[in-house]
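A.B. asks: Below are the structure tokens for one structure; questions will follow.
The values are calculated or read from the model by the stated rules, or taken from the named source; none is laboratory data. Since we're looking at a predicted model, the values are computed, not measured. Methodologically, a virtual Cβ is constructed for each residue, glycine included, from the backbone with ideal geometry; neighbour enumeration extends over all protein chains shown. When the accessible area is computed, the model is the full protein with side chains, heavy atoms only, and any ligands, DNA or RNA have been set aside. Shrake-Rupley method; radii C 1.70, N 1.55, O 1.52, S 1.80 Å.
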Amino acid sequence: MSIRIKMLLSFTGMLVISLLFILLTASLYTIAATGDLQSFRDIYKVHYQINPLTEQGEAIFQEMKFLAKTDPDGLQDKVLLREYDMKLRAEKSGLYVRRESDQIFESLTFHQPELKQALPAYDLNNNQIRSTFNISERFYAYAKFDFRYTDGERGSIFVIREKSPFAELTRKLLPVMSFLLIAVLIIANLLLYRWITRSFIKPLHQLRSYAEQIKAGNLAFELQLSTNDEVGQLNEAFESMRKQLQRSNELRQQDEVSRKELISNISHDLRTPLTNIKGYIEGIRDGVANTPEKMDSYVNIIHAKAVSMDKLVDELFLYSKLDLNQEPFLFKTVDIVDFLEDSIEELKYDLDDKGIELDWDKQTSGPVLASVDLDKLKRTVVNIVDNALKYMDNARKRFGITLQADQEWITIAFKDNGSGISEEALPHIFERFYRAERSRNSSAGGSGLGLAIARQIIEAHGGSIWAESIPDAGTTIYIRLQRQTNEETENGNG
Ligand SMILES: Nc1ncnc2c1ncn2[C@@H]1O[C@H](COP(=O)(O)OP(=O)(O)OP(=O)(O)O)[C@@H](O)[C@H]1O
Ligand SMILES: [Mg+2]
């Protein structure tokens with residue numbers, strides 16, 4: 001059963017129960033007030049015959065009417081009249097008898113001095129024998145009979161019953177009011193039902209259609225249900241799910257593209273040296289290397305190609321392990337000054353060899369500690385220095401290392417005066433397999449993994465790496481690492 005039907009049933013159920021409840025309350029109230037349910041019906045029967053009296057009262061009135069017709073003078077007998085009045089009193093009514101303008105009898109129940117003036121004039125045709133009158137706030141209903149005494153004088157008998165004007169009004173309006181009440185109840189129920197379904201069922205339907213769109217793979221839309229209730233929260237959950245799905249879809253597509261790129265790059269980079277090796281081996285096999293010198297050079301070339309392939313495979317392996325977070329890091333607290341000075345010591349010969357001047361600029365004093373994986377950091381420095389050596393085309397070759405440190409960060413700058421990197425290439429040099437066009441054409445160009453590996457390593461240290469470069473003037477690569485205070489080290493050791 002759908003929620004809509006369930007709600008419709010529950011609303012209708014509530015309506016029926018309320019109506020029954022009203023009816024039951026009304027009947028109970030009537031029983032309590034009048035003693036039986038019959039009088040509830042009587043009120044109506046009597047009222048709609050425009051009979052102001054109860055059945056008993058009416059009977060007495062008829063009896064007196066008969067008397068007025070047969071023995072009018074008997075209606076001057078006060079004892080008889082009192083007797084009738086007594087009976088009427090039991091019916092909450094009273095008797096009034098007049099002769100011309102004189103009052104023959106007035107029931108004690110009235111206590112109403114203005115009663116005489118309020119009574120209607122004589123009407124011997126008795127056209128209207130039942131009606132009402134009121135004396136200021138009080139409301140009376142009566143049955144009247146006009147007759148003539150034997151001496152020809154006019155007389156009237158009145159059986160009068162006082163009523164509450166409100167009761168009278170209520171009685172008149174009761175059917176209309178009951179109808180209105182029920183109508184209001186039904187309309188209110190319908191409105192409530194509509195309101196609930198609008199604020200609840202409709203958004204649910206919309207969410208379902210959204211879910212169907214998502215299922216169909218259409219994620220490029222925004223869920224827009226701006227309700228503040230649970231449905232709104234559901235919508236928010238849906239929306240964040242959609243965004244998440246969209247993001248992971250995009251990532252998957254990106255991954256797909258870069259995976260294809262990776263495979264094509266790897267196969268290209270491996271094929272070049274392999275083709276070379278194949279060519280030289282074929283040369284040897286075909287007897288092209290017919291002198292020991294030639295043979296030597298062929299073998300050397302083959303060896304060099306094999307070494308470069310080995311290096312490439314090694315870099316690839318390291319890069320993919322870093323990328324998959326499968327390369328373990330061994331963090332140790334190290335004085336970066338010591339580390340750089342050791343590195344410089346090792347580099348010196350290589351640089352000297354290539355006629356490169358080295359500047360070491362330590363802009364701090366005392367130890368500069370950081371938690372690093374020494375081997376990996378060394379690898380980073382080697383990759384950076386390697387680039388500086390490779391892309392150095394200046395006559396006066398200079399390479400500088402600068403160390404700066406504040407309370408929080410250690411910044412190392414590696415500055416060369418080589419070929420520089422073009423503005424377009426600069427943002428991409430840390431991407432894997434990226435090589436600026438210049439280096440791609442030169443024999444010095446590598447696989448384009450050196451800086452990608454450096455970035456993976458530095459980011460795994462919680463640091464950052466970036467480059468600044470002026471084409472044909474030089475490049476500076478910056479590494480920023482988190483500095484460790486002495487306290488941290490002590491705590492770490494303790
Ligand atoms: N110091 C530099 N001077 C000029 N260009 C540089 C410098 N360092 C990097 N580049 C440019 O950035 C590119 C990417 O550098 P990266 O070290 O990642 O790759 P590679 O040196 O080409 O190959 P690999 O390091 O894997 O042998 C280089 O190809 C080069 O174009
Ligand atoms: Mg490199």
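A.B. asks: Starting from 0.36 nm per residue, how many nanometres of slack lie between residue 266 and residue 297 once their C-alpha separation is accounted for?
C.D. replies: 8.4 nm
A.B. asks: For residue 432, what residues show an amide H to amide H distance below 5 Å, using hydrogens built from the backbone and excluding near sequence neighbours?
C.D. replies: Correct list: empty.
A.B. asks: Taking amide H positions as placed 1.01 Å from N in the peptide plane, with prolines and chain starts having none, which residues 5 or more places from residue 139, or on another chain, fall under 5 Å of its amide H?
C.D. replies: 163
A.B. asks: Another question, if that's okay. Would you tell me the accessible area of residue 169, worked out with a 1.4 angstrom probe on the heavy atoms of the protein chains, in Å² to the nearest 10?
C.D. replies: Rounded to the nearest 10, that gives 100 Å².
A.B. asks: Moving to a separate point now. Counting only helical runs of four or more DSSP H residues, what would the 222 nm mean residue ellipticity of the chain come to if each run contributes -39,500 (n - 2.57) and the total is spread over all its residues?
C.D. replies: Details: 14 runs with 269 residues, N = 494.
Taken over the chain, the calculation gives -18500 deg cm²/dmol.
A.B. asks: Continuing with the same structure: Report, in debye and to the nearest 20, how large the dipole of the chain comes out about its Cα centre when Lys and Arg carry +1 and Asp and Glu carry -1 on their Cβ.
C.D. replies: So the magnitude is around 2940 debye.
A.B. asks: Can I ask one more? How tilted is helix 78-90 with respect to the longest principal axis of the chain? Cα atoms for both, answer in degrees (0 to 90, nearest 10).
C.D. replies: The angle comes out at about 20 degrees.
A.B. asks: Can you classify the stretch 50-163 as rounded, prolate or oblate using the Cα gyration tensor, where a ≥ b ≥ c are the square roots of its eigenvalues, rounded means a/c under 1.5, and otherwise it's prolate if a/b beats b/c and oblate if not?
C.D. replies: rounded
A.B. asks: Strictly over 21 Å apart at the Cα level, which of 92/163; 260/321; 87/163; 116/172 would you flag in this model?
C.D. replies: Violating the 21 Å limit, Cα to Cα: 116/172.
A.B. asks: Next question, about the same structure. Helix 3-34 versus the longest principal axis of the chain: what angle, 0 to 90°, nearest 10, using Cα atoms?
C.D. replies: It works out to around 30 degrees.
A.B. asks: Solvent-accessible area of residue 345, probe 1.4 Å, all protein chains present, reported in Å² to the nearest ten, please.
C.D. replies: 100
A.B. asks: So, one more: How do 238, 145 rank by accessible surface area computed with a 1.4 Å probe, from largest to smallest?
C.D. replies: Sorted by accessible area, descending: 238, 145.
A.B. asks: Given H placed 1.01 Å from N in the peptide plane, which residues other than close sequence neighbours of residue 104 have an amide H under 5 Å from its amide H?
C.D. replies: Answer set, sorted by chain and number: 97, 98, 99.
A.B. asks: Once neighbouring chains are kept in place and the probe is 1.4 Å, which whole percent of the accessible area of the chain is contributed by carbon and sulfur?
C.D. replies: 56
A.B. asks: Further question: If you roll a 1.4 Å probe over the heavy atoms of the protein chains, what accessible area per residue do you get for the chain, in Å²?
C.D. replies: Averaged over the residues of the chain, the accessible area is 61 Å².
A.B. asks: Would you rank 461, 428 by solvent-accessible area, highest first, keeping every protein chain in place and using a 1.4 Å probe?
C.D. replies: Of 461, 428, the descending order of accessible area is 428, 461.
A.B. asks: Still on this model: To the nearest 10 degrees, how steep is helix 336-353 against the longest Cα principal axis of the chain, on a 0 to 90 scale?
C.D. replies: 40
A.B. asks: Figure the gain on full extension for residue 183 and residue 378 (residue separation times 0.36 nm, minus the Cα-Cα span) and round it to one decimal in nm.
C.D. replies: My answer for the length gained is 61.4 nm.
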